[in-house]
Amino acid sequence: MTTFKEMGLSEEIYKAIDDLGFISPTPIQEKTIPAILHNGKDLIALAQTGTGKTAGFGLPIIQQIKAESKSTQALILCPTRELCLQIAKDLDSFSKYVKKLSVLPVYGGASIVPQLRALKDGAQIVVGTPGRTLDLINRGALRINHIQWMVLDEADEMLNMGFKDELDGILAVTPNEKQTLLFSATMPQGVRRIANNYMSEPDEMTVGTKNSGADNILHQFYMVKATDRYLALKRLADINPSIYGIVFCRTRRETQEVADKLIQDGYNADALHGDLSQAQRDHVMQRFRSKHLQLLIATDVAARGLDVNDLTHVINYNLPDDPEVYIHRSGRTGRAGKSGIAITIIHSRESRKIKELENLVKKKFEHKLIPSGREICEKRLYNLIDKVENIEVDEKQIESFLPDVLKKLAWLDRDELIKRFVSVEFNHFLEYYRNAADLNVAKDSASTRDSSSSREGSSTRDRSRKRTGNNGFTRFHINIGTKQNLNAASLMGIINDATHTRDIEIGKIDILRKFSFFEVDNRFEKTIIDAFKNVNHEDTKLEVQVSKPEPSAAGARDFSRADNSRRDKSKSRKPRSSRDSRDSRESYGAKSYKRKR
C-alpha cells in the first residue's frame, strides 16, 4: 500500500497531513498527485464527490508554489461559496508549515471590498466561484496572466448552474503555458467542450466507473402513493433514530413545506433553498454541520457544493429530472471511505425511472418496504434502551438529588418503574402509530394498475355518477387542471393539506385541462371555502368556489370546448396529428372518482 511519504511530498506538507491523520492516499490522490508533480500535462480526472479530490490537486500544487513571490500562481474555480470556503480551508491546513503561502477565497454574496484588499496584499492561490472571479478579473484586481495551474473543480456542477459564459470568459484570458486540471463526477457534452477548447492533449483518468455511483453506497427505493410521500418520509426518519442526512425536493416551495411539516411534527429539520438570504443560509448550514439538525431539506441548486461529512442518508423525496443529478445527490453520503444509503421515494408510475438509474450507476436498487408502526415502535424502544444502558452517569452531579428521587419512587417496584420510564419517552410513538395503515404499494400490482387504468377509467366514472349524483354533496370549481399536472390523487392531497383533515368525504372529481370540479359532503362547504382562502399550488394561487350542479356529459364537453375554442379555431383548417387528437380528448373528457376519507 502506497503512503504519502513515498509519493515525493515535502517534509512540510507531510507533517501537515500527518497532523490531519492522513496515512495513505485515496485512489484519486494516488493517481493525480504524481501526475501533477512530475509530468506537467493537462489532466481530466473523473471521480465522485467525497473521494479526496482537494488533496489530489492541492498537495502537489502547494509543493510547487513559489511562496517568496506574491503573484497569483494557481486559480481554482468551484461552483458554490460553501465549496470555495471548504477548499480554501483545506489548502490552509495542508500548507500550515509552508511559510509565506497565502490562500484566498473569493465568492459572491459577500462584500467585494475585503477581497479587493486581500488581493492587493497578494495571494499565491486563489479559490473562487466563477461569477465573482470574472468580476475581479474585469476590475483588474485579480491578475491571472502568470498562473501556472488552472483547476476546474466539479466542472459539471458549474455548467449545471449556468456558469458557461463565466468559465469561457475566465479561461479565454489565462496564459497558454499552464497546467489545466479538470475534475468532474460526470462527463457531459458541456464538460467535453471545455476540454476540447481549453486543454492541450490532456491525460484522462477515472476512479470507479465513468458517470457511475460510488461503490460504498447502498441504493434503496420505497414505493408509495404520491399522497403518502410525506408520511413515508416520517416513517423512514423514525425507523432511523440516528439519521443525519439531506432530503432533496424538486421546488423551493415543496422544500419549505416539507421542512415546516417536519418541524411541526417535532423533527430537527430545516430548509435550504434559493429564497433564503446568505445570512439565513449560513445559519442553517452552521446548525447542520454542528449536527443540531438531523435533516436538511434542500433543492439541488441550494445543495450544490455542500461539503458535509458523515451523512448517513440521502433521501430523494422526488426523483430529479436529469438522471445524472442522482449521482451528485447520492454522492453526498458514503464519503471518505465510509458507507452511506441513498433512498428514493417513488410512486407506482416511476418504476421505469429506477431501471434507468440502475443502468446509470451500474448498481442494483433494493426495493424496500415502508416499515409498519409496530416495526418503528420496536426499533425506537430498543434504541432508547441502548441509550440508557450506555449512558455515562456522573455520580457527583446527581448525588445530591438521589435521596429525594429514590424516596419519591420508593412505592414502585422494579417492573412498574421500568414500564413508567419507558412510557414517558415512548407513549407518543405508540399513540401515533396505533392502527397505522400500510403505506406500501405492491410493485407488481402497480404495473397492473397502470396498464388497466385506461380501461377502468370510464367504468369508474359511470359507477361514480350512478352512486353519488349530487345528493348531499356540494360541487366546487378549482382553477387548476391537467395543464398543472393535476390528477385525482394530487387534488385529494391538496384538499387534505388545506383542510388539515382526512375526515371529509370527497365525491366525484372531474379533471379538465385548465380547471377542475370536485364534490364534498354538504356539511363541509364552509370548511372548504375557509380553507382555500390563501392556498398556493406550484406558484398558482388557488381559487375555489361553489359551482352550479353538475352539467350533463355533453354540457361538460361543450363547456370545456368553449374554454379551448380560440386554440381550436386557429387550428380548424389544419389536420390534427394523433397526438393533437389525444390531447384534445384529455381536455374535454372528465376523469371522475369517489373516495371515502
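The values are calculated or read from the model by the stated rules, or taken from the named source; none is laboratory data. The model shown is predicted, which means the values in this text are computed figures rather than measured ones. Here the Cβ positions follow ideal geometry from the backbone for every residue, glycine too, while neighbour counts run over all protein chains shown.
Can you name the condition, by its number, that TYR317 falls short on among (1) modelled with pLDDT of 85 or more; (2) farther than 30 Å from ALA88 by Cα; (3) out of contact with any Cys (no Cβ under 6 Å at 6 or more places or on another chain)?
Looking at each condition in turn, TYR317 falls short on (3).
How many residues does the range 514-530 contain that are surrounded by fewer than 19 Cβ atoms within 10 Å (Cβ to Cβ) and either closer than 16 Å to GLY493 by Cα or of a type outside the set (A, V, I, L, M) (or both)? Break it down into steps so the answer makes sense when it comes.
If we filter the range 514-530 for residues that are surrounded by fewer than 19 Cβ atoms within 10 Å (Cβ to Cβ), which is where we start, we get 514, 521-523, 525-527, 529-530.
Within this subset, residues satisfying the condition of being either closer than 16 Å to GLY493 by Cα or of a type outside the set (A, V, I, L, M) (or both) are 514, 521-523, 525-527, 530.
Looking only at that region, the number is 8.
Given the options ILE61, ILE33, name the one that is assigned by TED's automatic domain parsing to the domain that holds ALA118 and touching a residue at least 40 places away in the same chain (Cβ under 8 Å).
On the way: ILE33 fails: touching a residue at least 40 places away in the same chain (Cβ under 8 Å).
From the options ILE61, ILE33, the qualifying one is ILE61.
Where in the range 260-376 are there helices (runs of 4 or more DSSP H), lying fully within it, with 3 or more residues that are surrounded by fewer than 16 Cβ atoms within 10 Å (Cβ to Cβ)?
Details: elements: 278-289, 300-303, 323-330, 351-361.
Where helices (runs of 4 or more DSSP H) fall fully within the range 260-376 and carry at least 3 residues being surrounded by fewer than 16 Cβ atoms within 10 Å (Cβ to Cβ), they are 278-289, 351-361.
Just checking, how many residues over the range 32-49 are at pLDDT below 90 and buried (at least 18 other Cβ atoms within 10 Å of the Cβ)?
Total meeting the criteria: 4.
In the range 391-423, what residues are under 39 Å from the mean Cα position of the chain (by Cα) and surrounded by 10 or more Cβ atoms within 10 Å (Cβ to Cβ)?
Matches in the range 391-423: PHE421, VAL422, SER423.
Looking only at residues that are at pLDDT below 90 and more than 33 Å from the chain's Cα centre (by Cα) in the range 505-517, which one is nearest to THR482 (Cα to Cα)?
Once the filter is applied, the top-ranked residue is ASP510.
Taking the conditions exactly as written (out of contact with any strand residue (DSSP E or B) (no Cβ under 8 Å at 6 or more places or on another chain) and assigned to a loop (DSSP other than H, G, I, E, B)), does LYS379 satisfy them or not? Lay out the reasoning, then the answer.
Values: out of contact with any strand residue (DSSP E or B) (no Cβ under 8 Å at 6 or more places or on another chain): yes; assigned to a loop (DSSP other than H, G, I, E, B): no.
Spelling it out, it is not the case that LYS379 is out of contact with any strand residue (DSSP E or B) (no Cβ under 8 Å at 6 or more places or on another chain) and assigned to a loop (DSSP other than H, G, I, E, B).
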